[in-house]
Amino acid sequence: MNSSIIRKSVFTRLQASDPAKPDVLVLPELCYHKWNFREHAISVVRRRYGHLLEMLDYFAENGKPEATADAHLRKPSNVCMLVTVYDIFT
């Protein structure tokens, strides 16, 4: 998602329009030698998982055909992996 300004803006817009979660979280750029950046990125994905799925749905319907491949985030195994990795990093 960080490689696309359009995806970032849709993710931000979806978060900003949610009155239940007024603060907008931004995915940090990943740094391969600083693990705290990864922990922060995993935390943002976990806290805004619903918004992330909304963004992927938006691009699956309105984007390029390869955007539909991102819908694999809905798999239960990937959700379990996200929770496990979050627990390990934090």
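All of the numbers you see were taken from the coordinates with simple rules; none came from a lab. Only a predicted model underlies this, so the values are computations on that prediction, with no experimental measurement involved. Because the Cβ atoms are built from the backbone with ideal geometry, glycine has one as well, and the counts that use them run over all protein chains shown.
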Karplus (6.51, -1.76, 1.60) ³J(HN,Hα), θ = phi - 60°, over the stretch 29-43, in Hz, Gly and Pro reported as x:
5, 7, 10, 5, 10, 10, 5, 5, 5, 5, 4, 5, 5, 5, 5
With each label point set 7 Å from Cα along the Cα-Cβ vector, what nm distance links Cys31 and Lys75?
3.2 nm
Mean Cβ-within-10 Å packing, highest first, puts peptides 19-26, 49-56, 4-11, 80-87 in the order 49-56, 4-11, 80-87, 19-26
Distance in nm between pseudo-label sites at Asn62 and Glu39 (7 Å out along the Cβ direction from Cα):
3.6 nm
Mind giving me the FRET efficiency for Ile88 and Ser9? R0 is 30 Å, r the Cβ-Cβ distance, nearest 0.05 is fine.
0.45
